[in-house]
Amino acid sequence: MKKIAITTLGCKVNQYESAAFQTGFEDAGCVMARAKETADIIVINTCAVTAKAGAQSRQAVRQLMRRHPDAKVVITGCYAQMDAQKLITMIGKPVCIVGNGNKDRLVQAALRDTPCDLTMLMGRIARKEEICRLPVRHFGDRTRACLRVQDGCHNFCTYCIVPYTRGPSRSLPLTEALDQAATFASEGHKEIVVTGIHVGQYGKDLQEGCDCVELMRSLCLAHPEIRFRLSSIEPMEISDALLMLMAEQKNFMPHLHIPLQSGDDTILARMNRGYTSKEFRETVELCRQRLPDAAIGIDVLVGFPGESEQHFAATCTLLEELDCTYLHVFPYSQRAGTLAATFDQQIPQAIKDERVSRLRQLDSEKKELFYQNHLGTTRPVLVEHKRDADGRLKGFTDNYIPISFPGPHSLMNTITPVSLEGVSATRVSGRSAEDNHAG
């Protein structure tokens, strides 16, 4: 009975795929190694979205090899896809590298008795026409599960390595997406995050005529007891039909995460983002009009080559004026192989750090204002399996407000109404409706 250790870096898609690896290994009679146990096979699912993520991936490989010196080493994910040869040179021992387009073959390759020396299950990711089938039985001990319905991207934003590491957009057929959701429901998951590399492109490569809106409608109707949350979606793919569905379906959570990247039109054009700051503003205003209580998160990339103080000021002004909930702020990272890596006027790290700091301060202010505006209301909260450091129950409201409150273990993994009473630095404190009724 082989013991397996799986380490995952990066996005929700990687998290889903690692859960599929675990399912595959367990179906083959393996067990997951516990914290201090030595594994027979180590799997590292890497990330390459930034230079820092690539460095963390290499560090994870080194650490796991030291911890499990006799284990078979299996590496997959975007960093493995992008720089397999560097990994082989760095490791200096037999290694199995599995490309993103062949992740459905990872478990079989890892369990072979023959050595994996220089086994390159890479393939040509740019030619992949179908998504890997990676069924998951249970999403670990997490309260919410991720459902990967799409892979790949063909936008080729000038800063982004992902189209080169993930290939073109490929979708999971609707029946298979529904089957996976049904499995999660039967395993007791109360919330499912529908995710992909470019989830707004869902269905465009399929013959069945189903798009992202119809996918979400089908999921919500098939499982009214499950909360569905949509992961990041591009601004120009947020349609009135999607917002109306979110407003109508009570189990479609009022939460949108929208990449902006820059609030300046010159920089947006250099990024190849395909929209203007005015169009982005109109999209957010439409979201707020249709969904007054929704959480609206925004991705921002600062320090892009050629971003002057004036360009950055335009981003700050737009974000200050938008009625959004939170910001995910990242410094631009130069990625070899992307067009932006060849641009002149690369911004010094100190300037990028200072701009990131300014926007993260704005993020804190936006979140606190959103939380304050919801004090005195009662929202449904999915209570997580673990308590916070103070022993209180914790979870997220439907509109993605982190909340903690006193209550019994019996409320864990249930959706319970909680009144929002006070704001701290990182979350809201509340009281369950059960406690309020008792009082």
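The values are calculated or read from the model by the stated rules, or taken from the named source; none is laboratory data. What you see is a predicted model; the values in this text were computed from it and never measured. Please note: Cβ atoms are built from the backbone with ideal geometry, for glycine as well, and neighbour counts cover all protein chains shown.
If we only count strands (runs of 3 or more DSSP E) wholly inside region 293-387, which ones have 3 or more residues that are closer than 29 Å to residue 51 by Cβ, within 23 Å of the chain's Cα centre (by Cα) and in the same structural domain as residue 231 (by TED's automatic domain parsing)?
295-302, 326-331
What tally of residues in region 278-291 results from selecting those that are farther than 18 Å from residue 241 by Cβ, over 24 Å from the mean Cα position of the chain (by Cα) and not charged (D, E, K, R)?
0
Which of the residues that make up region 223-237 are surrounded by fewer than 20 Cβ atoms within 10 Å (Cβ to Cβ) and charged (D, E, K, R)?
225, 234, 237
Hey, among the residues in region 54-88 that are in contact (Cβ under 8 Å) with a residue 60 or more places away in the chain and of a type in the set (A, V, I, L, M, F, W, C), which one's surrounded by the most Cβ atoms within 10 Å (Cβ to Cβ)?
78
Output the residue which, of all residues in region 3-32 that are modelled with pLDDT of 95 or more and assigned to a loop (DSSP other than H, G, I, E, B), is farthest from residue 75 (Cα to Cα).
Once the filter is applied, the top-ranked residue is 29.
Kindly list the number of the only condition in (1) closer than 22 Å to residue 197 by Cβ; (2) part of a helix (DSSP H, G or I) that fails for residue 97.
With (1) closer than 22 Å to residue 197 by Cβ; (2) part of a helix (DSSP H, G or I) applied to residue 97, the lone miss is (2).
Counting only residues that are over 13 Å from residue 144 (Cα atoms) and assigned to a strand (DSSP E or B), how many does region 398-422 have?
Residues flagged as over 13 Å from residue 144 (Cα atoms) and assigned to a strand (DSSP E or B) within region 398-422 amount to 11.
If residue 38 meets every condition in (1) part of a helix (DSSP H, G or I); (2) polar (S, T, N, Q); (3) free of Cβ contacts under 8 Å to residues at least 40 places away in the same chain apart from one, which number is that one?
Every condition holds for residue 38 apart from (1).
Need at least 2 residues that are within 22 Å of residue 47 (Cα to Cα) and in contact (Cβ under 8 Å) with a residue 12 or more places away in the chain per element, so show me which helices (runs of 4 or more DSSP H) inside region 144-252 make the cut, counting only ones lying wholly within it.
Of the helices (runs of 4 or more DSSP H) lying wholly inside region 144-252, those with at least 2 residues that are within 22 Å of residue 47 (Cα to Cα) and in contact (Cβ under 8 Å) with a residue 12 or more places away in the chain span 162-166.
Out of 35, 20, 51, I need the residue that is buried (at least 18 other Cβ atoms within 10 Å of the Cβ) and assigned by TED's automatic domain parsing to the domain that holds residue 106. Which one?
20 is the lone residue from the list that is buried (at least 18 other Cβ atoms within 10 Å of the Cβ) and assigned by TED's automatic domain parsing to the domain that holds residue 106.
Which pairs have Cβ atoms under 6 Å, sit 6 or more apart or on different chains, and link a residue in region 408-428 that is touching a residue at least 24 places away in the same chain (Cβ under 8 Å) and assigned by TED's automatic domain parsing to the domain that holds residue 396 to one that is part of a strand (DSSP E or B) and aromatic (Phe, Trp, Tyr)?
The qualifying pairs are 418/405.
What tally of residues in region 365-385 results from selecting those that are touching a residue at least 12 places away in the same chain (Cβ under 8 Å) and either in contact with a Gly (Cβ under 7 Å, 6 or more places away or on another chain) or surrounded by fewer than 17 Cβ atoms within 10 Å (Cβ to Cβ) (or both)?
Going through region 365-385 one residue at a time, the tally reaches 11.
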